[in-house]
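Right, one structure below, let's go through it.
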Protein chains: 2
Amino acid sequence: MISTKDRIASDLERSFAALGFAEQGVEALRAEADVSLRTLYKHFPSREAMIVGALEHRDVTYSRWLEGGPEDGAAHVLHPLVRLGDWLAEVANTGCLFLNAWAQYPDSAAIAAVVRDHKARLADEFRQRLARVVPGQDTGHLAETLFLLHEGMTQAARLQGREIAYDAAMQAARAALAAANIH
Amino acid sequence: MISTKDRIASDLERSFAALGFAEQGVEALRAEADVSLRTLYKHFPSREAMIVGALEHRDVTYSRWLEGGPEDGAAHVLHPLVRLGDWLAEVANTGCLFLNAWAQYPDSAAIAAVVRDHKARLADEFRQRLARVVPGQDTGHLAETLFLLHEGMTQAARLQGREIAYDAAMQAARAALAAANIH
DNA sequence: CGACAGGTATAGTGATCGCTCTACTTTTTC
DNA sequence: GAAAAAGTAGAGCGATCACTATACCTGTCG
């Protein structure tokens, strides 16, 4: 049983992803979610809350998107980057939804918090996968590099095309893993 | 002799960089540039034109910022990344001004054009430096990787801190160059 | 001198937008 | 089956904002 709030959050996420955060007012969001204005405001008491709700929803969907993959070796660590490549192939290429939101509302503490939270979780994903492949080894620096490549691929995809960005990121990632003797 | 328009553009760049594109209206920009509203609109006939003017100004200042550096070897190629690190140490950490603008106005052709232009010039900077160090060699793919690291460092700096982002990007860049036998 | 290019100062305008309020209906729950 | 919870429809308010219009000043140059 999916709650009304979750359904609206999903629609908001889709809507913001498609048209950005500035180009549509609350009325347009209401129409996209196909609810009354009152109901929309009951679940998300301000426009800012709608943005936060959409970002939180994407945080969950993207985490699920990264799950799974090969269970050992470099491929286990690289899986999130491969999945990002898949993601970029599916959606319109508008960069990172979180960073776009943050760029637009740099003074909103609530938005900054959800962005930092999401990115911290993402960096942790790489740390955990590295810990599984080479347990006990200090891989903090390597995890940061993989995270940086994730961010770089996201931005480069809209500037130079998905394939180029994917190839460049994957090659750099493989080289970094190889230098740490992870194959 | 610096023109009035250039002086205003410089103020606009500073203003947008400090406070973002959404948080200040035309009146705030006018105050920052210390001109009358009429003069501001004479040089930049719309708010969008003010944004474009600010971005064009930064395109020039950042190109100048990257100039020079060591004249041979890997250090010649890496110089723009080093300079980006210096840049990130000096300015407030708000990501890439161009991508922030684009995120906010995804439908503006004029803004999209100046963003693409700037990023193309940046990618070319890496290509030219590679061509100088290993003339005749096909380094297209390597240039894309360095460009991706540039974008990644910019974004990662606001998420994980400047030093971490700088170290991660430089390490990945050195590994990529070493793999191509550039030292 | 006098024309004029380019500046200042600022009030006003029309449109948009976030949000609320009123009045009513449907669904759920005990 | 009644009450309460949750939904719909949509008009309207107050504030903001991009942009314009009016009226005036000033330094330069033929």
Consider A:A28 carefully, then state whether it is in a loop (DSSP other than H, G, I, E, B), within 14 Å of chain B (Cβ to nearest Cβ), within 16 Å of DNA strand D (Cβ to nearest atom) and among the aliphatic types (A, V, I, L, M).
-> no
Options B:A101, B:A74; residue that is under 26 Å from A:F16 (Cα atoms) and either among the aromatic types (F, W, Y) or part of a helix (DSSP H, G or I) (or both) | B:A101
Output the number of residues of segment A:62-113 satisfying the condition of being away from chain B (no Cβ under 13 Å) and β-branched (V, I, T).
-> 3
State whether the residues of segment B:110-128 include one that is farther than 20 Å from B:V60 by Cα, open to solvent by less than 10 Å² (accessible area, probe 1.4 Å) and not β-branched (V, I, T).
-> no
Would you call B:Q104 closer than 21 Å to A:F147 by Cα and in contact (Cβ under 8 Å) with a residue 24 or more places away in the chain?
-> no
Out of all the residues in segment B:124-133, is one or more under 23 Å from A:E151 (Cα atoms), away from DNA strand C (no atom under 16 Å from the Cβ) and in contact with an Asp or Glu (Cβ under 7 Å, 6 or more places away or on another chain)?
-> no
Taking only segment B:134-150 into account, find how many residues are touching an Asp or Glu at 6+ places or on another chain (Cβ under 9 Å) and open to solvent by 50 Å² or more (accessible area, probe 1.4 Å).
-> 1
Positions within segment B:16-27 being closer than 22 Å to B:G95 by Cα and surrounded by fewer than 20 Cβ atoms within 10 Å (Cβ to Cβ), in sequence order | B:A17, B:A18, B:L19, B:A22, B:E23, B:Q24, B:G25
Identity of the residue in segment B:40-65, of a type in the set (G, A, S) and part of a helix (DSSP H, G or I), that ends up surrounded by the most Cβ atoms within 10 Å (Cβ to Cβ) | B:A54
Only one residue in A:E13, A:E48 is within 22 Å of A:T94 (Cβ to Cβ), at pLDDT 95 or above and within 8 Å of DNA strand C (Cβ to nearest atom), so which one is that?
-> A:E48
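The values are calculated or read from the model by the stated rules, or taken from the named source; none is laboratory data. In this text the structure is predicted, and so the values were computed from the model without any measurement. Quick reminder, even Gly has a Cβ in these numbers, built from the backbone with ideal geometry, and neighbours come from all protein chains shown. Side chains are part of the model used for accessible areas, which takes the heavy atoms of the whole protein and leaves out ligands, DNA and RNA. Shrake-Rupley method; radii C 1.70, N 1.55, O 1.52, S 1.80 Å.
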